[in-house]
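In what follows, a structure is listed as structure tokens, so that the remarks can point back to it.
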Amino acid sequence: MIKAGIIGATGYAGGELARLLVQRDDVEVIWYGSKSYVGQKYGAIYQNMFRFIDADCKEDNIKELSKEADVIFMATPQGLCASLVNEEILENAKIIDLSADFRIKDVTVYEQWYRIHHASPQFIEEAVYGLPEINREAVKKARLVANPGCYPTCSFLSVYPMVKEGLIDPSTLIIDAKSGTSGAGRGAKVDNLYCEVNENMKAYGVGVHRHTPEIEEQLSYAAGKPVTISFTPHLVPMNRGILVTAYASLLKDVDYDEVKAIYDKYYGKEYFVRVLEPDMVPQTRFVEGSNFVDVNFKIDPRTRRIVMMGAMDNLVKGAAGQAVQNMNLLMGLPENTGLKQIPMFP
């Protein structure tokens with residue numbers, strides 16, 4: 001039996017972790033941490049958990065939790081995990097951090113984009129970027145897993161095969177991404193009010209979104225050289241989902257079969273990445289509630305560009321589902337254990 005704890009259990013990602021873990025017979029969630037709801041019934045905060053979870057919320061005492069848990073999920077704002085983690089905790093339990101604290105290897109880049117001081121830079125090099133499709137073997141041996149961001153996961157998986165094979169000029173890469181409102185978290189913000197979001201779409205964080213350096217760093221590893229991109233996210237009036245449309249110039253003429261063979265080379269054996277049939281476009285409604293990422297592409301011979309597309313659920317593969325996928329790897333389990341949910345539709 002895996003003993004798991006969730007710090008930040010009452011945020012959207014924390015709630016999704018609870019939903020995924022409580023259904024499993026091989027996992028016992030022993031700690032639902034939440035500063036805002038200490039002493040309150042978890043099933044009263046998230047009523048969908050009524051009669052499934054009878055536990056009270058506890059304080060964020062990661063030191064005490066590490067003595068009892070095999071794995072701790074940190075579904076917390078940027079900076080908190082870095083301020084709490086230490087060698088003693090890492091010796092006691094595996095940590096899967098859903099924030100950005102350990103995703104970026106250059107601490108100065110992290111501090112520049114997130115505008116906070118990094119409290120434990122000594123663990124950055126050790127942390128494994130938890131994108132299983134790329135770093136599977138490293139995740140298995142990790143003590144500290146940096147769970148990727150939602151936009152970076154969908155963006156990277158959509159374009160990775162073309163960057164890795166050197167078929168596009170990465171300096172021309174433009175990523176246009178759209179997300180549902182749950183990506184902004186559960187905190188009260190005027191911009192996320194119903195009247196602000198409904199019947200509206202907008203770009204935000206234009207040129208300065210903090211997921212940009214994470215995407216660039218991972219693509220640089222794939223390309224074998226520094227990569228700079230244009231990344232623009234948009235907020236759309238839906239609860240869940242991310243849709244990525246990326247554009248880049250081709251370095252040589254290719255046809256559909258050549259590109260499809262490349263995508264199949266990288267994803268043909270991946271359970272959670274579905275390369276769609278010709279002319280099928282990824283849609284958020286067909287991945288909702290699941291850990292799947294749908295990807296496809298379209299060659300534009302007129303402009304000698306390729307359009308690369310991806311869709312996924314930002315709370316599952318973009319957060320909690322990928323964290324559980326990483327937990328499975330850490331614990332020596334089949335990667336898709338507890339994550340075989342078919343996407344919900346309608």
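With a ≥ b ≥ c the root eigenvalues of the C-alpha gyration tensor of region 228-346, is it rounded (a/c under 1.5), prolate (a/b larger than b/c) or oblate? List each step's numbers first, then the result.
Values: a/c = 2.04, a/b = 1.52, b/c = 1.35.
Judged from the Cα gyration tensor, region 228-346 comes out prolate (a/c at least 1.5, a/b above b/c).
With everything on Cα atoms, drop me the angle between helix 256-267 and the longest principal axis of the chain, reported from 0 to 90° to the nearest 10.
20
Compute the helix-to-body angle for 212-223: its Cα long axis versus the longest principal axis of the chain, expressed 0 to 90° and rounded to tens.
That works out to roughly 60 degrees.
Give me the net charge of TYR204's neighbourhood, meaning all other residues with Cβ under 13 Å from the Cβ of TYR204; Lys, Arg count +1, Asp, Glu -1. Mind showing how you got there, number by number?
Values: positive: LYS178, LYS189, LYS202, ARG210; negative: ASP176, ASP191, GLU196.
Summing Lys and Arg as +1 and Asp and Glu as -1 gives +1.
Take every Cα-Cα distance within region 2-126, group them into 10 Å bins from 0 onward, and report for each bin the whole-number percent of pairs it holds.
Bin by bin from 0 Å, the calculated values are 13, 44, 30, 12, 1.
Roughly speaking, what is the stretch gain from HIS234 to LYS140, that is 0.36 nm per residue apart minus the C-alpha to C-alpha distance, in nm to one decimal?
30.4 nm
Which percent, to the nearest 5, of DSSP beta bridges fully inside region 151-313 are antiparallel?
The answer is about 75 percent antiparallel.
Output the peptides 120-126, 327-333 sorted from most to least packed, where packing is the average of other Cβ atoms within 10 Å over each peptide's residues.
327-333, 120-126
How large is the charge dipole for the chain, taken about the Cα centre, if only the Cβ atoms of Lys, Arg (+1) and Asp, Glu (-1) carry charge, to the nearest 20 debye?
380
If I model a spin label at ASP257 and SER171 as a point 7 Å from the Cα along the Cα→Cβ vector, what separation in nanometres do I get?
3.4
Can you tell me the 0 to 90 degree angle between the C-alpha axis of helix 150-164 and the longest principal axis of the chain, rounded to 10?
Between the helix axis and the principal axis of the chain, the angle is about 40 degrees.
Gain in length, ALA184 to LYS3, computed as 0.36 nm per residue apart minus the alpha-carbon separation, to one decimal in nm?
Extending this stretch completely gives an extra 62.3 nm.
Once both labels are modelled 7 Å past Cα along the beta-carbon direction, what's the ASP264-LYS63 spacing in nm?
My value for the distance between the label points is 5.6 nm.
Considering only the chain, what is the antiparallel percent among its DSSP beta bridges, to the nearest 5?
Here the antiparallel bridges make up roughly 45 percent for the chain.
Could you sort 22-35, 266-279, 4-17 so that the peptide with the highest average Cβ count within 10 Å comes first and the rest follow in order?
Taking the mean over residues of other Cβ atoms within 10 Å, the ranking is 4-17, 22-35, 266-279.
Which of the following values of Cα extents along the principal axes in Å was calculated from the structure shown: [x] 66, 64, 38; [y] 62, 43, 38; [z] 58, 58, 40?
Answer by label: [y].
Cut-off under 22 Å on the C-alpha distance; same-chain residues fewer than 8 positions from LYS140 excluded. Which lysines are left, in chain and number order?
Leaving aside lysines fewer than 8 places away in the same chain, those within reach of LYS140 are LYS3, LYS67, LYS94, LYS105, LYS269, LYS317, LYS340.
Grab the Cα-Cα distance for ASP279 and ILE342, subtract it from 0.36 nm times how many residues apart they are, and report the gain in nm with one decimal.
Extra length available between ASP279 and ILE342 comes to 20.5 nm.
Bear in mind these aren't lab numbers, they're just calculated from the coordinates by the rules spelled out. This is a predicted model, so every value here is computed, not measured. Here the Cβ is made from the backbone with ideal geometry for all residues, glycine too, and neighbour counts use every protein chain on show.
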